[in-house]
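Peer 1: One structure is given below, represented as structure tokens, and several questions about it will come after.
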Amino acid sequence: MTLARTLTADSANAGGWSAVSMVHTQHKEIPSLDGWRAVAIAIVFLSHAGLGRIVPGGLGVTIFFFLSGYLITTLLVREFSASQGIHVRHFYLRRVLRLTPPLLLVLVLTYGLTYSGLFTGHASWSGFLAQLFYFANYYALFFDNGHTLPQGTGVFWSLAVEEHFYFVFPALFIFLMRRVDHRKIPLYLAGLCVLVLLWRYVLVLHAGASMERTYYATDTRIDSILFGCILALLSVPPALHAALQKPAVRIGSVTLGLALLLATLVIRDGVFRETLRYSLQGLALMPLFYYSVSHPRSFPFRLLNLRWVQRIGIYSYSIYLSHEVLLSNVDWVSGNAALNIAVALLLSLAFAMAVDRFIDAPLRRVRARFR
């Protein structure tokens with residue numbers, strides 16, 4: 001199974017994309033991505049379950065962002081290569097059908113139980129609408145200083161970042177694909193990543209921005225998505241592509257990626273953690289994602305493709321929506337924290353399985369009509 005393919009002569013001539021594309025376009029299903037989702041949700045859950053000092057929940061969110069950028073851009077490239085265009089309305093319909101029904105269900109249940117006093121926190125229409133319409137990050141930063149949201153719904157900030165990004169990215173993608181040499185598009189996106197990094201430095205060093213401002217805001221976190229987009233659009237000459245397939249190069253690249261990722265977690269300097277850390281994590285994930293997709297049967301990436309790991313990945317979105325709400329409201333189970341965490345995990349899994357069967361499965365057939 002290979003990650004790269006050469007584009008057709010027509011599309012290569014039209015966009016100057018004559019090198020080998022890094023986009024995984026030969027197969028409908030991209031290996032290892034569900035496994036990466038499982039890794040990300042495991043990191044986030046363990047962090048929120050009380051292991052935040054050991055397991056960095058922010059890394060799990062960064063993996064989700066990178067994966068989203070890589071996958072969505074890969075799908076857009078496929079569509080553009082086939083039709084020389086993007087059906088933007090269908091793009092947004094697919095996203096609404098995928099993301100909003102489970103989110104709405106969690107919000108209705110959580111706000112209803114919070115309003116009735118069974119869940120902790122506060123319920124208000126302003127909070128409900130902000131989270132439903134993907135404004136949760138800026139609402140919490142600038143409009144809810146009293147933190148009057150239901151306990152556990154703070155994680156919805158990341159959904160807002162993604163939706164703000166995809167509100168503009170399809171238009172940018174179409175413009176670049178039609179007006180720019182395709183081989184240069186990753187350079188333009190890398191330039192945007194540099195601008196976001198510089199903006200973080202301005203906020204931290206000159207504006208005295210809080211850690212929450214740089215962590216939660218769309219304008220300071222979209223580069224984590226852009227790095228995934230860059231990987232999906234990278235192209236390399238055939239000779240370099242062949243070199244990348246050599247076992248020694250693969251092992252060295254994966255080791256370097258893991259080492260760089262570990263370094264971003266070990267370095268504790270405050271300025272670094274709110275500025276350069278996100279950029280270096282994006283760079284570190286590039287070789288890890290590349291080889292996990294191109295060599296899914298190699299160690300350790302074959303672990304990502306175990307059936308049960310893939311299944312967790314499929315459930316990851318619903319687990320993400322529900323897990324912290326449940327972790328925040330299971331103290332009634334017992335006085336044992338470990339038992340309460342186990343109950344929250346089981347309830348999250350049960351909820352995700354129910355959503356997959358009764359909501360996602362029917363809507364998958366509906367979404368297929370808009371491809």
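Peer 1: Take Val168 and tell me if it is under 19 Å from Val96 (Cβ atoms), part of a helix (DSSP H, G or I) and open to solvent by 60 Å² or more (accessible area, probe 1.4 Å).
Peer 2: yes
Peer 1: Hey, Met353 hits all of (1) open to solvent by 20 Å² or more (accessible area, probe 1.4 Å); (2) in a helix (DSSP H, G or I); (3) out of contact with any Phe, Trp or Tyr (no Cβ under 7 Å at 6 or more places or on another chain); (4) hydrophobic (A, V, I, L, M, F, W, C) but one; which does it fall short on?
Peer 2: (3)
Peer 1: Checking Leu306 against (1) over 20 Å from Ile41 (Cα atoms); (2) in contact (Cβ under 8 Å) with a residue 40 or more places away in the chain, only one condition comes out false. Which one?
Peer 2: Every condition holds for Leu306 apart from (1).
Peer 1: For the range 137-155, name all the residues that are assigned to a helix (DSSP H, G or I) and within 18 Å of Thr120 (Cα to Cα).
Peer 2: If the condition is that a residue be assigned to a helix (DSSP H, G or I) and within 18 Å of Thr120 (Cα to Cα), then Ala140, Thr153, Gly154, Val155 are the ones that fit.
Peer 1: Follow-up question, since we're still on this one. Which residues, counting only those in the range 36-66, are over 18 Å from Arg277 (Cβ atoms), in contact with a Gly (Cβ under 6 Å, 6 or more places away or on another chain) and open to solvent by less than 30 Å² (accessible area, probe 1.4 Å)?
Peer 2: Answer for the range 36-66, where residues must be over 18 Å from Arg277 (Cβ atoms), in contact with a Gly (Cβ under 6 Å, 6 or more places away or on another chain) and open to solvent by less than 30 Å² (accessible area, probe 1.4 Å): just Ala38.
Peer 1: Moving to a separate point now. Quick one: Leu195 ticks every box in (1) modelled with pLDDT of 95 or more; (2) open to solvent by 30 Å² or more (accessible area, probe 1.4 Å); (3) under 26 Å from Leu33 (Cα atoms) bar one, so which box is it?
Peer 2: The one condition Leu195 does not meet is (3).
Peer 1: Moving to a separate point now. State which residue is modelled with the lowest pLDDT when the search covers only the range 75-93 and only residues that are assigned to a helix (DSSP H, G or I) and open to solvent by less than 40 Å² (accessible area, probe 1.4 Å).
Peer 2: Once the filter is applied, the top-ranked residue is Ser81.
Peer 1: Restricting to the range 202-217, name every residue that is touching a helix residue (DSSP H, G or I) at 6+ places or on another chain (Cβ under 9 Å) and of a type outside the set (Ser, Thr, Tyr).
Peer 2: If the condition is that a residue be touching a helix residue (DSSP H, G or I) at 6+ places or on another chain (Cβ under 9 Å) and of a type outside the set (Ser, Thr, Tyr), then Leu203, Val204, Leu205, Ala207, Ala209, Met211, Glu212, Arg213, Ala217 are the ones that fit.
Peer 1: Another question about this same structure. Given the criteria outside any helix (DSSP H, G or I) and of a type outside the set (S, T, N, Q), does Val325 qualify?
Peer 2: no
Results for (1) crowded, with 22+ Cβ neighbours inside 10 Å; (2) farther than 30 Å from Phe80 by Cα; (3) in contact with a strand residue (DSSP E or B) (Cβ under 7 Å, 6 or more places away or on another chain); (4) among the aliphatic types (A, V, I, L, M), shown as yes or no for each residue.
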position: Asp219; (1), (2), (3), (4): no, no, no, no
position: Asp223; (1), (2), (3), (4): yes, no, no, no
position: Leu234; (1), (2), (3), (4): no, no, no, yes
position: Ala248; (1), (2), (3), (4): no, yes, no, yes
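Peer 1: For the subset of the range 296-347 comprising residues that are among the β-branched types (Val, Ile, Thr), open to solvent by 40 Å² or more (accessible area, probe 1.4 Å) and at pLDDT 95 or above, which member is farthest from His48 (Cα to Cα)?
Peer 2: Checked the range 296-347; the qualifying residue farthest from His48 (Cα to Cα) is Ile314.
Peer 1: For the range 94-134, name all the residues that are free of Cβ contacts under 8 Å to residues at least 60 places away in the same chain, out of contact with any Asp or Glu (no Cβ under 9 Å at 6 or more places or on another chain), surrounded by 17 or more Cβ atoms within 10 Å (Cβ to Cβ) and assigned to a loop (DSSP other than H, G, I, E, B).
Peer 2: Correct list: Ala123 only.
The values are calculated or read from the model by the stated rules, or taken from the named source; none is laboratory data. Owing to the predicted nature of the structure, the values given are computational and were not obtained by experimental measurement. With ideal geometry, Cβ positions are generated from the backbone for all residues, glycine too; neighbour counts draw on all protein chains shown. When the accessible area is computed, the model is the full protein with side chains, heavy atoms only, and any ligands, DNA or RNA have been set aside. Shrake-Rupley method; radii C 1.70, N 1.55, O 1.52, S 1.80 Å.
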